[in-house]
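Any read-out appearing in this document is the output of simple, stated calculations on the displayed coordinates, not a laboratory observation. Everything numeric here is computed off the predicted structure, so don't read it as measured data. Ideal geometry is used to build each Cβ from the backbone, glycine not excepted, and the neighbour counts take in all protein chains shown.
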Amino acid sequence: MFVNFLNGETRNEKWRSDVNEQGEAPVLEHGSVKLSQSGVILDYLSELTGRFSAGTADERREILRWILFDNHKFTCYYATLRFMYGL
Ligand SMILES: N[C@@H](CCC(=O)N[C@@H](CS)C(=O)NCC(=O)O)C(=O)O
């Protein structure tokens, strides 16, 4: 589905009520499943495809550790910076 992001589609009330109350993209829709947050989407796709999944509890925590690090330190700042420079 096309998202008119640059015209603020993710910031309007319709997006929040119909798609994602967190007001963000990406959102994955797969059958009756609707997910936001890239880390959760990756976890779902891993489970669905059986690829890149953890074999042990230690591996699961290691995957979560990197997903949370990426969300907090990488995506948060670098994606915003790239967006600002790109425009
Ligand atoms: N933690 C979220 C971050 C998603 C995010 O920052 N999305 C941006 C676009 S890349 C967004 O929708 N921003 C909406 C806004 O700033 O109004 C994730 O990992 O999915």
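Table for the structure above
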item: Debye intensity ratio I(q)/I(0), log10, segment 36-76, q values 0.21 Å⁻¹ (C-alpha model); result: -0.66
item: Positive-pole candidate from S32, F83, F5, dipole of the chain, charges at beta carbon; result: F83
item: Size of the chain as Cα extents on the principal axes (Å, biggest first); result: 43, 34, 18
item: Estimated inter-spin distance, E13 and M84, nm [label 7 Å along Cα→Cβ]; result: 3.1
